[in-house]
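K.L.:
After the structure tokens below, expect a handful of questions from me.
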Amino acid sequence: MSHLNIVLFPDPILKMKAEPVKIIDKEIKELIAEMTKMLYKKPAGGYAAPQFGILKRIIVVDDSYGKDPTRQFRMVNPEIIWASEEEVSMAEGCMSIPWGRVEVMRPEKVKIRYLNENGKICETDIEEDYMGRCLQHEIDHLDGILSLDHATKIRREMFIKKINRRRELGKSFDD
Ligand SMILES: [Zn+2]
């Protein structure tokens, strides 16, 4: 499989709902491997397949940015099956929406059910707020929801204005 390219806001694919994976075949396993490589090649707390223009329900997350292999999750068809009532606010970045972070309120703890690469149903309790944050952010991507969609209207408009301004100035996303 050729290498993956990150789809950038406002590409309409980022607003689309991803399809559940029916069979974890060789192609899906390769995609998961490629996505995992991207976690460290273009460091991020996580990636969802739609960020590469692939509408499949797959996410990869590592809240240690490669420092601790036990912190890596690769999930197929993940679902949040429980969320704490306590919510916390945190500034979220997104590789599909560079140039700034958006403050987002989310449940502090979550429980997630997913399939691992061998098709086994797994459940995991996420106690740490940053890992919970990464997972919720990536699962949102599977439903076409961006961190920007959680921000207040004023913040969202300001943010979009800032992005457009940079685009007018002809700045690339790497500046
Ligand atoms: Zn994102």
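The values are calculated or read from the model by the stated rules, or taken from the named source; none is laboratory data. Not measured: the values here are computed from a predicted model. So basically every Cβ, Gly included, is an ideal-geometry build from the backbone, and we count neighbours across all protein chains shown.
The rows are residues; the columns are (1) in a helix (DSSP H, G or I); (2) at pLDDT 95 or above; (3) surrounded by 13 or more Cβ atoms within 10 Å (Cβ to Cβ); (4) of a type in the set (A, V, I, L, M).
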position: ARG113; (1), (2), (3), (4): no, yes, yes, no
position: THR124; (1), (2), (3), (4): no, yes, yes, no
position: ARG156; (1), (2), (3), (4): yes, no, yes, no
position: ILE163; (1), (2), (3), (4): yes, no, yes, yes
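K.L.:
Here's something else I'd like to know. Read through the list (1) at pLDDT below 95; (2) within 14 Å of the ligand (Cβ to nearest atom), then give the number of the only condition that VAL61 fails.
P.N.:
Looking at each condition in turn, VAL61 falls short on (1).
K.L.:
While we're looking at this one, here's another question. Take region 57-73 and flag every residue that is crowded, with 20+ Cβ neighbours inside 10 Å and not hydrophobic (A, V, I, L, M, F, W, C). Outline the logic, then answer.
P.N.:
First pass over region 57-73, keeping only residues crowded, with 20+ Cβ neighbours inside 10 Å: 57-63, 73.
Of everything in region 57-73, those that are crowded, with 20+ Cβ neighbours inside 10 Å and not hydrophobic (A, V, I, L, M, F, W, C) turn out to be ARG57, ASP62, ASP63.
K.L.:
Also, quick follow-up: Kindly evaluate GLU117 against the criterion of being touching a Lys or Arg at 6+ places or on another chain (Cβ under 8 Å) and in a loop (DSSP other than H, G, I, E, B).
P.N.:
Details: touching a Lys or Arg at 6+ places or on another chain (Cβ under 8 Å): yes; in a loop (DSSP other than H, G, I, E, B): yes.
Spelling it out, GLU117 is indeed touching a Lys or Arg at 6+ places or on another chain (Cβ under 8 Å) and in a loop (DSSP other than H, G, I, E, B).
K.L.:
Now for a separate question. Just to check your reading of the model, which residue among THR70, THR124, THR152 is among the hydroxyl-bearing types (Ser, Thr, Tyr), more than 16 Å from the ligand (Cβ to nearest atom) and closer than 20 Å to LYS37 by Cβ?
P.N.:
Values: THR124 fails: closer than 20 Å to LYS37 by Cβ; THR152 fails: closer than 20 Å to LYS37 by Cβ.
On inspection, the qualifying residue turns out to be THR70.
K.L.:
Just need a number here: residues in region 16-55 that are in contact with a Leu (Cβ under 8 Å, 6 or more places away or on another chain) and either surrounded by fewer than 20 Cβ atoms within 10 Å (Cβ to Cβ) or among the aliphatic types (A, V, I, L, M) (or both). Show your work before the answer.
P.N.:
Quick first cut of region 16-55, residues in contact with a Leu (Cβ under 8 Å, 6 or more places away or on another chain) only: 16-19, 21, 24, 34-35, 38, 46-52, 54.
Next, only the ones that are either surrounded by fewer than 20 Cβ atoms within 10 Å (Cβ to Cβ) or among the aliphatic types (A, V, I, L, M) (or both) stay: 16-19, 21, 24, 34-35, 38, 48-49, 54.
Residues flagged as in contact with a Leu (Cβ under 8 Å, 6 or more places away or on another chain) and either surrounded by fewer than 20 Cβ atoms within 10 Å (Cβ to Cβ) or among the aliphatic types (A, V, I, L, M) (or both) within region 16-55 amount to 12.
K.L.:
Also, I was wondering about something else. Going through ALA33, ALA91, ALA44 one at a time, which residue ends up being of a type in the set (Gly, Ala, Ser) and touching a strand residue (DSSP E or B) at 6+ places or on another chain (Cβ under 8 Å)?
P.N.:
On the way: ALA33 fails: touching a strand residue (DSSP E or B) at 6+ places or on another chain (Cβ under 8 Å); ALA44 fails: touching a strand residue (DSSP E or B) at 6+ places or on another chain (Cβ under 8 Å).
The match here is ALA91.
K.L.:
While we're here: Can you pull out every residue in region 66-93 that is at pLDDT below 95 and touching a Leu at 6+ places or on another chain (Cβ under 8 Å)?
P.N.:
Listed by number, the list holds a single entry, GLY66.
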